[in-house]
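The values are calculated or read from the model by the stated rules, or taken from the named source; none is laboratory data. Nothing here was measured: the structure is a model prediction, and the numbers come from that model. When we count neighbours, we look across all protein chains shown, and the Cβ atoms used for this are built from the backbone with ideal geometry, even at glycine. Heads up: the accessible areas ignore ligands, DNA and RNA and are worked out on the full protein's heavy atoms, side chains in. Shrake-Rupley method; radii C 1.70, N 1.55, O 1.52, S 1.80 Å.
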Amino acid sequence: MDLPVGFNGDIDADILRIGKIENSHPGLEVRERPGLTEKVVRARAGAGGATLKFTVGDGTISIKKKTEE
């Protein structure tokens, strides 16, 4: 997922079995436990706001900052 510059929101992401979460977004901060791991993300970007929830059984979730086009 490419988050736009200045994005404000909460992110919940989970890997249920096999896979990982790749986080290269510099603005994510831990919101609650367990925080930012390879299997679980509970994070806030900017001032927070709407919650984006992602769940994957087997695979990869990639979180990064969108580059200007």
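Things to note:
- Base-10 log of normalised Debye intensity for the chain (one unit scatterer per alpha-carbon) at q = 0.12 Å⁻¹: -0.27
- Neighbours of residue 38 by Cβ distance under 12 Å: Lys/Arg scored +1, Asp/Glu scored -1, total 0.
- The share of accessible area on the chain that comes from carbon and sulfur is 48 percent, using a 1.4 angstrom probe.
- Within the chain, the longest run free of exposed loop sites, counting trypsin sites (Lys or Arg not before Pro) that sit outside DSSP helix and strand states (H, G, I, E, B) and have at most 16 other Cβ atoms within 10 Å, spans 40-65.
- Total formal charge among the other residues, if their Cβ is under 14 angstrom from that of residue 9, Lys/Arg +1 and Asp/Glu -1: +2
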